[in-house]
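The values are calculated or read from the model by the stated rules, or taken from the named source; none is laboratory data. Note that the structure is a prediction, hence the values are computed from the model and not measured. Counting neighbours? That spans all protein chains shown, and the Cβs are built from the backbone with ideal geometry, glycine included.
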Amino acid sequence: MGQARAGDARVTFLKSNNFWRTWKPEDGNVCTSDDVCLRLDRAPPKLLHPPPSAQTSARPAAPPAPPPRRPAKKDPAVAMLESAIAVAEAVGTFKAWLRSPPPPPRPAPPPPAAPAPKPVPPFDIQDVPKAMRKLAMPMAAKLQERWFAGYENYSRTPDDLRDELDQHGTRYAKAMVDETTITMDWVLSFPRAKRMLTELVELSVYQPKALTTLRAKLRPYVNRGFLIAWNEAADFLDYHKKFQFQFASVNATWGQRIASFLDRSLVADGVPDDLTGALGSFNLYAAVKFASFQLYPASAVLHEVFVYVRDPYEFSDEQYLGHWNSEHVAVVPAHQVAGGWLKYPVVQGNPHAKDAVLYPVTNADYRAWRQKHGRGGDFLIYTKPLSVRLPRPLRISL
């Protein structure tokens, strides 16, 4: 592990019990050795999609190589003379070897070097998805592997992220908008997401603030008689901006769940599940599906809405995401590691044993990996809209 520095300390933390999906209190040593750290060195995986700027222009085929020339036939007399010269040179070399003194005795071999200290098994940031699968989070692992396999793509500001603008100020390429991996069926298989859907369509869409937003979005279409909202949008982002009028939040982010350990609530909640690992904190959005209009008095009525998830997959903040190895995740509470030790690994037992070291991981580590390798693609997640019939018609005056 290297020489432990002064200040290394014993720390208590919660470690995942992968079978029961609960936290188990354990302890270990904080390690501040420079050679024990999260690695960012492994080469990126195969590129999933070419970047938009990649040009694949066909090159003209190279002309065929000329056939090799046949060597000219050598004159027999010249060949005989060259053979005689070669024989004479070989005889001279042999005689010189006979007259040379015997070689000096070989020196004794040096004593064998002491074996190098056994290195601590490395843990690369690309091993985090493996641990996610051990923690029953296959969707979270799949999304993170997609990020590693993407070309470099990110938004510079929250406003750019809202508008799906990349670091060059251009719209995200289609490859960076994922409308197939996450489905509403999968999201609603988690009871808390289903509860929020019920709250959204039975209560939230009727709230005054939602009706005010909806009124402003429908007023330009009052002379239509009826509106098929999806047909008025150029793409999903355009539809989202024009016709989304209410949302319901689901979850806290992974980092917020980790931070909640300070009040011990993680013990009751258990290890975050696949929905938290994949989407963190996200919204269920309600948007117009169909609307019918009446001119006198001007009004609109909705019987159904579209509900969907829109969520960016990115690493823009400074959240601590736990201590990881290829088998487990652990939560080291900040009050246990005063003095900035939260950024250091925690060791249990022999550091040279497999998975004895737990490494701290933060969002900043993913950005550092992207800077190092020029890869790592932030992307937008959409689900296909789910049509939901409202329990009672939604009527608004225009």
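Quick notes on this one:
- Near pairs, Cβ below 6 angstrom, 6+ apart or cross-chain, from segment 303-317 (within 21 Å of L165 (Cβ to Cβ)) to any residue that is at pLDDT below 95: V309/F282; D311/L279; D311/F282; F315/N363; D317/N363
- Meets criteria (over 27 Å from S155 (Cα atoms), surrounded by fewer than 19 Cβ atoms within 10 Å (Cβ to Cβ) and modelled with pLDDT of 90 or more) for H303: yes
- For the criterion of being in contact with a His (Cβ under 9 Å, 6 or more places away or on another chain) and free of Cβ contacts under 8 Å to residues at least 12 places away in the same chain, A233 passes.
- Scanning segment 33-48 for residues that are more than 14 Å from the chain's Cα centre (by Cα) and crowded, with 17+ Cβ neighbours inside 10 Å turns up S33, V36, C37, L38.
- Test: residue in segment 333-355 that is farther than 29 Å from S16 by Cα, modelled with pLDDT of 90 or more and either of a type in the set (G, A, S) or surrounded by 18 or more Cβ atoms within 10 Å (Cβ to Cβ) (or both): no
- Within segment 270-300, the residues that satisfy the criterion of being of a type outside the set (F, W, Y) and surrounded by fewer than 16 Cβ atoms within 10 Å (Cβ to Cβ) are G270, S281, S292, Q294, L295, P297, A298.
- Total residues in segment 372-398, condition surrounded by fewer than 15 Cβ atoms within 10 Å (Cβ to Cβ) and over 23 Å from Y239 (Cβ atoms): 5
- Check on P391, more than 21 Å from G277 (Cβ to Cβ) and in contact with a strand residue (DSSP E or B) (Cβ under 7 Å, 6 or more places away or on another chain): no
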